[in-house]
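Data block below; observations after.
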């Protein structure tokens, strides 16, 4: 059994990219772009790798964009 996560084990080339952006406003967009197929016809990640990327996405700060009442409501729910 490996001590590596599925992301580390199967897509280790993505880790330097994510680590280089970690803590920057661009990190959220980069991980989100990995999860969402914008080019069409992509196979996608295995479920366990997708899960790892999704977890990372919840850990990085979402950049603030135009005012969105629904994101403010979600933020309020988290602090309640």
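Bear in mind these aren't lab numbers, they're just calculated from the coordinates by the rules spelled out. Given the structure is predicted, the values throughout are model-derived calculations rather than measurements. No Cβ is skipped: glycine too gets one built from the backbone with ideal geometry, and neighbour counts run over all protein chains shown.
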Calculated FRET value between residue 20 and residue 43, using beta carbons and R₀ = 25 Å, to 0.05: 0.50
Cut-off 16 Å, label 7 Å out along Cα→Cβ of residue 4, residues of region 40-60 by amide N: 46, 48-50, 52-53
Ascending count of other beta-carbon atoms within 10 Å, so fewest first, for 37, 52: 37, 52
